[in-house]
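Peer 1: After the structure tokens below, expect a handful of questions from me.
The values are calculated or read from the model by the stated rules, or taken from the named source; none is laboratory data. Computed from a prediction, not measured in an experiment: that's the story for all the values here. Using ideal geometry, Cβ is built from the backbone for each residue, glycine included, and neighbour counts are taken over all protein chains shown.
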Amino acid sequence: MNDATDKRDEKTYAIIGAAMAVHNELGCGFLEAVYQDALEIEFKMRGIPYEREKRLDVFYSGEKLNSFYRTDFLCFGEVLVETKALSKMSGTEDFQIINQLRASKLHKALLINFGMSKLETKRMVLNLRESA
């Protein structure tokens, strides 16, 4: 089959579905923490494995720095999920996700913004080359 559903990423699809359920029930206007709490409940109800506020160490020249990132969620052990509740995204959120992907050596992330009347999602993929 060469169906569009064959090409979708089931893991990010499941995460986005959970976020849509949260947004449909709560709408926009709450603080980011409210959406994170609700999303955690939705992940549990849907059986989506996750870690909340996962620490991501940062390295420089092979040495671990004292500084680190915390991602809102790490789902399925491989998808970073960063939540926002902004009326407008500035673009700096993209750089935050890219840096988290680099720090974690992971390749997929979702940026989910609950702050508008329509849920915004952005799937990001970082392809790390060995020579880079």
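Peer 1: Inspect segment 52-60 for any residue being at negative phi, aromatic (Phe, Trp, Tyr) and at pLDDT 90 or above and give the result as yes or no.
Peer 2: no
Peer 1: Looking only at segment 90-123, count how many residues are closer than 20 Å to Phe68 by Cβ and β-branched (Val, Ile, Thr).
Peer 2: Summing the residues that are closer than 20 Å to Phe68 by Cβ and β-branched (Val, Ile, Thr) in segment 90-123 gives 3.
Peer 1: Follow-up question, since we're still on this one. Is there any pair with a first residue in segment 96-112 that is under 21 Å from Ala18 (Cα atoms) and a second that is crowded, with 18+ Cβ neighbours inside 10 Å and among the β-branched types (Val, Ile, Thr) whose Cβ atoms are under 6 Å apart and which are 6 or more apart or on different chains, and what are they?
Peer 2: Lys108/Val79; Ala109/Ile97; Leu110/Thr12; Leu110/Ile15; Leu110/Val81; Leu111/Ile97; Ile112/Thr83
Peer 1: Contact list please: Cβ distance under 7 Å, first residue in segment 37-56 and without any contact (Cβ under 8 Å) to a residue 60 or more places away in the chain and farther than 13 Å from Ile16 by Cα, second residue acidic (Asp, Glu) and part of a helix (DSSP H, G or I), pairs at least six apart or on different chains.
Peer 2: Matching pairs, first to second residue: Arg52/Glu40.
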